[in-house]
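See below for the structure under consideration.
The values are calculated or read from the model by the stated rules, or taken from the named source; none is laboratory data. Since this is a predicted model, take the numbers as computed values, not measurements. So basically every Cβ, Gly included, is an ideal-geometry build from the backbone, and we count neighbours across all protein chains shown. Quick note on the areas: whole protein, heavy atoms, side chains included, nothing else; ligands and nucleic acids left out. Shrake-Rupley method; radii C 1.70, N 1.55, O 1.52, S 1.80 Å.
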Protein chains: 2
Amino acid sequence: MLRGIPSTMGDDYPLNISSFLTHAATVFPDTEIVHRSIDGAWHRTDYAQMRRRVAQLAHAFDELGIGAGTMAGVLDWNQLRHFELYFAVPSVGATMLQMNLRLAPADLVYVVEHSQAEWVFVDESLLPIAEQLAQKEEVRSTVKGWVVMTDKPSSEISTSLENVHFYEDLIADRPEEYDWQFVEETTACYAGYTTGTTGRPKGIYYSNRSMYLHTLGIMNALKMGYTDTVMPVTPMFHVVSWGIPQAAVAAGARVVLPGRFTADNIGDVAEALISEGVTVANGAPSLFAPILEYIKALPEAPDLSRARLVSGATEPPLSLMKGFSDLTGAQIIHAYGASETSPVVSANWQIKPDLGELSEAERWDLKRAQGLPVAGVEMKIADPTGVELPRDGTSVGEVFLRGPWITTSYHQLADNDERFHDGWWRSGDVGVITPAGYLKLTDRLKDVIKSGGEWISSIDMENGILDHPNVLEAAVIGVPDEKYQERPVAYVVPRDGQDVTREDIAEVLGERFAKWQLPDQVIIVEELPRTSVGKLDKKLLRANWSE
Amino acid sequence: MLRGIPSTMGDDYPLNISSFLTHAATVFPDTEIVHRSIDGAWHRTDYAQMRRRVAQLAHAFDELGIGAGTMAGVLDWNQLRHFELYFAVPSVGATMLQMNLRLAPADLVYVVEHSQAEWVFVDESLLPIAEQLAQKEEVRSTVKGWVVMTDKPSSEISTSLENVHFYEDLIADRPEEYDWQFVEETTACYAGYTTGTTGRPKGIYYSNRSMYLHTLGIMNALKMGYTDTVMPVTPMFHVVSWGIPQAAVAAGARVVLPGRFTADNIGDVAEALISEGVTVANGAPSLFAPILEYIKALPEAPDLSRARLVSGATEPPLSLMKGFSDLTGAQIIHAYGASETSPVVSANWQIKPDLGELSEAERWDLKRAQGLPVAGVEMKIADPTGVELPRDGTSVGEVFLRGPWITTSYHQLADNDERFHDGWWRSGDVGVITPAGYLKLTDRLKDVIKSGGEWISSIDMENGILDHPNVLEAAVIGVPDEKYQERPVAYVVPRDGQDVTREDIAEVLGERFAKWQLPDQVIIVEELPRTSVGKLDKKLLRANWSE
């Protein structure tokens, strides 16, 4: 690394995530935080009041021994105290462990033990999970005590937990000012565990620096400001709700916390979105779809034309994007990332102005892409050896990422070299980058066929085969090949009574695929195996395959 | 500083200002840079092409020995090559010295010597300044060579400079790729010298880290994005044009570089602003006022309703703000800062939505204020001992600042403790912070009267005295006092034939000032001394005062 003439600037002023709450409390003291408690009631507070409670909490932390080096877990929905802990825990140099309440119990035990969590903050509604955890020896060996979060008097809560404190009792009558200290910026403010399909959850420890820069990055990518009203819908125990809560605070935006909700009461979330004038919310298509259905059933469609609905997880369906746009004016913004990337690394905010004339269909198609990299992160697509591929819209490669908010290792996990390459994190996602800079994913790496040092997209090939009028269903897998490493094999279900040959398939694929990419075998079957949730079971196809 | 659990993130990935050009060239390769050359002609290029030229320049730097540790000065207008050097110089770990071509020659010599500049890049139109500098022994002792920037063939340039290179010749036929290295983030990317009213210019060396964070900060404060067209009007040799060029690049915005202009051809700037659809521009009221006059004279007023005109230096006059708004829809955004603060620390973007009902007059009055602190910097007002004063809109104090883009020292200048206090930089500006968080300046510190540990605003008092119908002009100065340190004395010019007494003044000031603040003496004079440019000469009043 090059080192030149030293600066005169405050370079040792550390980037602390809690500084954004200080900023909000001094510059936007009266800005509202609207929040829903576990009983469904809505309440209102503001940044000045929240900051006073966070100061009281810091005094309580001092008493409990929560400080620099402490791991403190949180089991909660998107509620006010969870929001307070987002800033209170890092403000004293401690690390907040996100406890995903939907993890398998054994995984949650593993996460608590692996992270060496000393305290767990738990909402009263989640006491059963905490009590189950507390019975495990691994948990008892690290957790010193529990803090129950409830609006009820502590006398009304009965629990089998030991060394129990109550959040509101802990902070009551404490001073509303605290003598804050700076935290060294590489100290972890949050810890999250990613759940792969194989192996144990892997720990990603976000630094104050990485979260601070991610916060500024997504504020920019989404143009968030103090005229916005922001609702974190994605669970706050899941990749820190994509950093949306922190960005809202840094922007001085109004915040709406929807509390606990499920598919059954998604109407409450939709109502709040409308009545509070939410302009930024995050979620997956599976969340936004029922919200759109709810809105469709209203006697009058609301005007949500200022709203940017940040959608992750999967490519948003056209019907969802168009539905929101036509009915309410709200814009779905597809964003991309992973636990390892804090998570946002690209977003599809507005269509670039210099793309020339695009048809309406082309515009919608472009809006479905993962979008443009956020300023601050480097993104490239690369071949299996890590060599960068051209940004030509056709070269397919794995997405590689590096930058200040991309992980460079997993916490205390030695055997993970395959996920890193020369300082870059390998996403396992596969796609193209267009000449205009848009990332468009085509596959997960495990769905890609590696043949002769090149990649063939099984999803593209399946879609191509489906274009043949005689084909009802299709699945393409890669099978081992001595010479080419893998070769594609297609399983095809013909429409009733129709005939389909390898030549038919070769012909229909001929326009989009090179000759060497065409499947060597086309196997006609009556049906394709599916998993319990109805997805194509390619794993089974691969396992059952024999030449 | 607290230190806790280490993170797994890329915390050693350095913040490099040149990374924003890499980002723009890969994500916004075709985005236009429109620029005006010294002959007045307009040209167009794009980020991909600019990046290739910067790579060529880096190869040339290798040959010249410009690298980590080199100070390289630039004498240029707002032209393309200046813009390229903004990124090329820091990209190799070197530091770009901003040479303010309006500095007194002796000061410019001092700046070159003090910064130990080894190379100077000079536009052909500014060769006379360079040649004058080159005659000085102090300059010859440090500058090794000169690089002339011109569109003409080098054979057409005649100069007395020694060891002269030509920018275009230097980069011609060089490879368009370069093996970039990271630069340690506290390395200075730019150096600027501030010109106080007393003493030598003082060096402020901006780090890659500070400029990077400042860039993200102002992108957020101004909501800059890739749908914007940005024109840096403030000279690029003056506090890096307030970081607007860097923010434009980070945002992937179109850029319009107006080249050389003066009050005489400000119409060219106005025309470009209109015809290129500029949405963000920066300048002082003294620049925006003639642009408004030009627009007023057009047969049809242009629609500039997307434009944010960032105005610094002094409080923008109401007529200027209203004039732009009424005629074109453009919004003047008052921003505040200094060389020592990179410079932007506050901006008055949009009126906060939660202020309740404001009259139109109140809204305009609020828009005149310096605005809200940018997320990332801490701002407070403090008494002379550094104790923070309440944000109540009435407590008057000096503005103190700290944060990642605030200077903590001057380059190799020992005797500057009075400008720093406990990690904060003292601005010398005096004002209030309202309960809603707005900074409103009232005075420069030297115009404030320090009496009994409190401050009295001379400007407020003068305005109060002018409310008396018999008063034509007034000046208030602080005079030494054994007991109270200073006491106010008012000089008053009555309207023809009118009578004004101390009691009259006390009465008219009575509503706004406490009794102890009232001037001890009111001195009736026939006229007030003025400087050569017509400003009240308070220095002379203070010098001539005797009890």
How crowded by other chains is B:426-439, given as the mean number of beta carbons from other chains within 10 Å of each beta carbon? 2
Dipole-positive endmost among A:ALA104, A:SER319, A:GLN246 within chain A (Cβ charges, Cα centre): A:GLN246
Per DSSP, the loop-located GluC sites (Glu not before Pro) within segment A:291-396 having at most 12 other beta carbons within 10 Å are A:GLU300, A:GLU357
Which distances in nm, rounded to one decimal and ordered from shortest, link the label point of A:LYS152 to the equivalent label points in the other identical copies, with labels set 7 Å from Cα toward Cβ? 8.8
So, R0 is 60 Å and r is the distance between the beta-carbons of A:LEU413 and B:GLU138; what FRET efficiency does that work out to, to 0.05? 0.55
Determine, for each peptide in B:369-376, A:468-475, the mean count of other beta carbons within 10 angstrom over its residues, then list the peptides with the highest first. B:369-376, A:468-475
Output ³J(HN,Hα) for segment A:475-483: one whole-Hz value per residue in order, computed from phi by the Karplus curve 6.51 cos²θ - 1.76 cosθ + 1.60 with θ = phi - 60°, and x for Gly and Pro. 9, 10, 10, x, 10, x, 9, 5, 7
Given axes a ≥ b ≥ c from the Cα gyration tensor, I'd like to know whether segment B:43-206 is rounded (a/c under 1.5), prolate (a/b larger than b/c) or oblate. oblate
For segment B:452-544, rounded, prolate or oblate, judged on the Cα gyration tensor with a ≥ b ≥ c (square roots of eigenvalues), a/c < 1.5 rounded, else prolate if a/b > b/c? oblate
Which value in nm describes the separation of the simple spin-label points at A:GLU176 and B:ALA284, placed 7 Å from the Cα toward the beta carbon? 4.4
Please list, in order along segment A:302-314, the HN-Hα scalar couplings obtained from phi with the Karplus expression 6.51 cos²θ - 1.76 cosθ + 1.60 (θ = phi - 60°), rounded to whole Hz, x for Gly and Pro. x, 8, 10, 5, 8, 7, 10, 9, 7, 10, x, 6, 9
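Tally up the carbon and sulfur contribution to the accessible surface of segment A:28-99 as a whole percent, 1.4 Å probe, everything protein left in place.
43
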quick note, the protein assembly as shown, DSSP beta bridge pairs, % antiparallel (nearest 5) is 60
Would you mind listing the distances between the B:GLY356 label point and the same position in each other copy? Use 7 Å along Cα-to-C-beta, nm, one decimal, shortest first. 5.7
Cα-centred dipole magnitude for chain B, charges only on beta-carbon of K, R (+1) and D, E (-1), debye, nearest 20: 540
Taking segment B:43-206 and dividing mean pair separation by its residue count, relative contact order in percent (alpha carbons under 8 Å, at least six apart): 27
Which FRET efficiency, nearest 0.05, do A:THR385 and A:ASP12 yield, Cβ-Cβ r, R0 30 Å? 0.15
Which part of segment B:122-138 falls in the paramagnetic zone of B:ALA106, meaning amide N under 18 Å from the point 7 Å along Cα-to-beta-carbon? B:132-138
For B:GLU118, what accessible surface area do you get with a 1.4 Å probe? Give it in Å², rounded to 10. 40
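Using a 10 Å cut-off on Cβ to Cβ distances, tally the other chain neighbours for every residue of B:10-23 and report the average as a whole number.
Mean partner-chain Cβ count within 10 Å for B:10-23: 5.
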Per the helix-only calculation at 222 nm, which mean residue ellipticity applies to chain B, given -39500 (n - 2.57) for every DSSP H run of n ≥ 4 and division by its residues, nearest 500 deg cm²/dmol? -8500 deg cm²/dmol
Percent accessible area from carbon and sulfur atoms, segment B:145-247, protein chains only, probe 1.4 Å: 45
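Only four residue types carry charge here, +1 at the Cβ of Lys and Arg and -1 at the Cβ of Asp and Glu. Report the dipole size of segment B:425-547 about the Cα centre in Debye, rounded to the nearest 20.
Values: 16 positive and 22 negative charges, 133 e Å.
Value, rounded to 20: 640 debye.
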Counting DSSP beta bridges with both ends in chain B, the antiparallel % (nearest 5): 60
In debye to the nearest 20, the charge dipole size for segment B:43-206, taken about the Cα centre with +1 at each Lys and Arg Cβ and -1 at each Asp and Glu Cβ, equals 500
At A:THR434, with labels set 7 Å past Cα in the Cβ direction, how many nm apart are the copies from this one, shortest first? 4.5
How high is the FRET efficiency from A:SER154 to A:ASN265, r the C-beta distance, R0 22 Å, rounded to 0.05? 0.20
Simple spin-label model, 7 Å along Cα-to-Cβ: A:ASP354 to A:LEU327 in nm? 3.8
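I need the shape label for chain B. Rule: rounded when a/c is under 1.5, else prolate if a/b > b/c, else oblate, with a, b, c from the alpha carbon gyration tensor.
Prolate is the answer for chain B, as a/c is 1.5 or above and a/b outweighs b/c.
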Among A:VAL27, A:PRO6, A:GLY69 the positive-end extreme of the charge dipole of segment A:6-82 (Cβ point charges): A:VAL27
Given Cα pairs under 8 Å that are at least 6 residues apart, what percent is the relative contact order of chain B? 9
Could you do me a favour and compute the accessible area per residue for the protein assembly as shown, 1.4 Å probe, result in Å²? 40
Taking every residue in A:373-379, how many Cβ atoms of other protein chains lie within 10 Å of its Cβ, on average? 6
Any idea what the relative contact order of segment A:452-544 is, in percent, if you count C-alpha pairs under 8 Å spaced at least 6 apart? 27
For segment A:209-223, take each phi angle, set θ = phi - 60°, evaluate the Karplus expression 6.51 cos²θ - 1.76 cosθ + 1.60, and give the result in whole Hz per residue in order, putting x for glycine and proline. 4, 5, 5, 4, 5, 4, 4, 4, x, 7, 4, 5, 5, 10, 6
